[in-house]
1. For region 45-56, does any single residue satisfy the condition of being at pLDDT 95 or above and crowded, with 21+ Cβ neighbours inside 10 Å?
2. May I ask you to verify whether Glu243 is out of contact with any Cys (no Cβ under 8 Å at 6 or more places or on another chain), at pLDDT 75 or above, outside the structural domain of Ser128 (by TED's automatic domain parsing) and more than 30 Å from Cys120 (Cβ to Cβ)?
3. Could you tell me how many of the residues in region 27-60 are without any contact (Cβ under 8 Å) to a residue 60 or more places away in the chain and under 20 Å from Val107 (Cβ atoms)?
4. Please work out if Glu202 is among the acidic types (Asp, Glu), over 30 Å from Ala17 (Cβ atoms) and surrounded by fewer than 18 Cβ atoms within 10 Å (Cβ to Cβ).
5. Only one of Ala90, Ala140 is among the small types (Gly, Ala, Ser), under 26 Å from Asp38 (Cβ atoms) and surrounded by 15 or more Cβ atoms within 10 Å (Cβ to Cβ); which?
6. Considering region 1-27 alone, what residues qualify as being buried (at least 21 other Cβ atoms within 10 Å of the Cβ) and not in a loop (DSSP other than H, G, I, E, B)?
7. Looking at Gly83, Gly40, Gly71, which one is surrounded by fewer than 21 Cβ atoms within 10 Å (Cβ to Cβ) and assigned to a loop (DSSP other than H, G, I, E, B)?
8. Go through region 214-240 and count every residue that is surrounded by 16 or more Cβ atoms within 10 Å (Cβ to Cβ), under 26 Å from the mean Cα position of the chain (by Cα) and closer than 10 Å to Gly172 by Cα.
Amino acid sequence: METRPCSIKYIDLHHTAGNEASLGVIRNEHMKNNGWGDIGYNAVVFPDGTIPKITNSDGSCATGRSLKWSGAHNPGKAPDGSGYTMNQKAYGLSHVGNFETGTMPDVQFAASTKFCAELCKELNIVPSTSTIRRHSDDYATACPGKNFPYEKYVKKVIEIYNGEDKKKVEYGILLYSGDDFPIALRLCRKYKMECAIFIRDEDTHKAPEISEKVKTLFIVGGTSIGHSGEVLLGGDNWFETAEKVGKHLKAI
């Protein structure tokens, strides 16, 4: 195996295209079928969210091939023009499954994005679509499959990396229209709270996605949006809504 000649600057995403039962099975396939000195990947995420470790041929215990060796997962050229391959310049992160025909389980997605965000911090990689890449971005292959949730994946890694997954505003108020703004002020004053105020889309009446980030969401006018911490304070018209809010404020 080749000693890695450069630092790791990318995360290279793969699927195994199979349903391998263990990391040892994948390693044996790579060594016996491909003639490689060890498993080609640096880590493999299984459908149940586990990321197991094995003892490598050099005696090290890791989630895959030791980082001191170049990988065997992508011979394509790295996009930085350095002349190095992705085997040399990327961390090979694979996933058991075939995402050309199937989809990634939620638990596998959650485990992989968390692991990837931690890797980025450990390897001093700022996550983006430039640094977190698919096998197919740099080599002629279908891997990691057309159903791999790439954009969603990178977005989640960035969110975890920046700690945004833990940042939640305590209170939010979702208004049916700007006419309900005085009601929002009454709620803010009563609760003596700092809160975010959102207004539904004028045409679709849908709530903005960012409203999902608050812990408690007061919905003034309109119907439920399925928020886990929503408090419905709506009536058939502005007066009924104001009355309902008034009763709520008196009750607390």
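The values are calculated or read from the model by the stated rules, or taken from the named source; none is laboratory data. Quick caveat, the model's predicted, so the values are computed rather than measured. With ideal geometry, Cβ positions are generated from the backbone for all residues, glycine too; neighbour counts draw on all protein chains shown.
1. yes
2. For Glu243, the condition - out of contact with any Cys (no Cβ under 8 Å at 6 or more places or on another chain), at pLDDT 75 or above, outside the structural domain of Ser128 (by TED's automatic domain parsing) and more than 30 Å from Cys120 (Cβ to Cβ) - is met.
3. 4
4. When the stated conditions are applied, Glu202 passes them.
5. It is Ala90.
6. Those that are buried (at least 21 other Cβ atoms within 10 Å of the Cβ) and not in a loop (DSSP other than H, G, I, E, B): Tyr10, Ile11, Asp12, Leu13, Leu23, Ile26, Arg27.
7. Just one listed residue meets the conditions, Gly83.
8. Going through region 214-240 one residue at a time, the tally reaches 4.
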